[in-house]
1. Glu173 - would you say it is surrounded by 24 or more Cβ atoms within 10 Å (Cβ to Cβ), among the acidic types (Asp, Glu) and at pLDDT 80 or above?
2. Show the residue pairs that are 6+ apart or on different chains and have beta-carbon atoms under 9 Å apart, the first residue being within the stretch 197-210 and without any contact (Cβ under 8 Å) to a residue 60 or more places away in the chain, the second being of a type in the set (Lys, Arg) and surrounded by fewer than 24 Cβ atoms within 10 Å (Cβ to Cβ).
3. Please tell me if Phe83 is out of contact with any Cys (no Cβ under 8 Å at 6 or more places or on another chain), outside any helix (DSSP H, G or I), aromatic (Phe, Trp, Tyr) and touching a residue at least 60 places away in the same chain (Cβ under 8 Å).
4. How about the stretch 132-167: which of its residues are without any contact (Cβ under 8 Å) to a residue 60 or more places away in the chain and in contact with a Phe, Trp or Tyr (Cβ under 8 Å, 6 or more places away or on another chain)?
5. Considering only residues that are within 17 Å of Asp44 (Cβ to Cβ) and either within 10 Å of the chain's Cα centre (by Cα) or among the basic types (Lys, Arg) (or both), which ones fall in the stretch 160-179?
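The values are calculated or read from the model by the stated rules, or taken from the named source; none is laboratory data. Quick caveat, the model's predicted, so the values are computed rather than measured. All Cβ positions, glycine included, derive from the backbone under ideal geometry; neighbour counts span all protein chains shown.
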Amino acid sequence: MPNAGKDLQSPASAAEVDAFLRQVAQTPARPSGGTRGRLIFAMDATASREPTWDQAAHIQASMFAETRDLGGLEVQLCHYGGFHLFEASPWCVSADELLPRMTRVRCAAGLTQIGRLLAHAADEAARKPVDALVFVGDCVEESLDGLADRAGKLGLLGVPVFVFQEGRDPTAERALREIARLSGGAWCPFDAGSPQVLKDLLGAVAVFAAGGRKALADFSRRRGGAVLQLTRQLGQGR
């Protein structure tokens, strides 16, 4: 459960969004080969996330639309909540497959299981390459040392973790920033009042996973706003 003093009214600053996009741009592009990008989309489904769960379900559906013309995206939904509940869906290739799985989830009180999530992502990547792990959550109740070790292993496997933190709980922020850094990913905060920013940034990660840097540059020019900052940060695309 998050700390009572968590500030839910602190949206990402322009500098934080810029730093996130810069890190996405610096992440090594996956090798080309005409295959779908593979992305694990993981969410904290403990009780504190219930107010924004439906919003996140709608946002994740847009990731498929953004990548449709790039050869598509395979997405696996992971979530934890309640008493030691952790679930991972089959790999899905359309929002129609994944969205019903999200709408069946009910948030329930419980402790975070981020370490279990990171270990699962490593197991998946060992079987078949995974281009990125996206995590949306608001608190951390686990040992930072253990999380750091597992995040570092994901970095060695080439699986960057892109973390979207709801609110600004300082304990969670320290841990989530470290997970992103050690895995070669990026961290960015968001608040419930700025769903379009989260949608655009998730779209940027999905496009990167599906099509690499060139596709991300094209996406940023079309989308404008915060994502437009990518155009001056990207190197040569694949």
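1. Spelling it out, it is not the case that Glu173 is surrounded by 24 or more Cβ atoms within 10 Å (Cβ to Cβ), among the acidic types (Asp, Glu) and at pLDDT 80 or above.
2. Qualifying pairs under 9 Å: Asp200/Arg223.
3. Answer is no for this residue.
4. If the condition is that a residue be without any contact (Cβ under 8 Å) to a residue 60 or more places away in the chain and in contact with a Phe, Trp or Tyr (Cβ under 8 Å, 6 or more places away or on another chain), then Val161, Val163, Phe164, Gln165 are the ones that fit.
5. Val161, Phe162, Val163, Phe164, Gln165, Arg168, Arg174, Arg177
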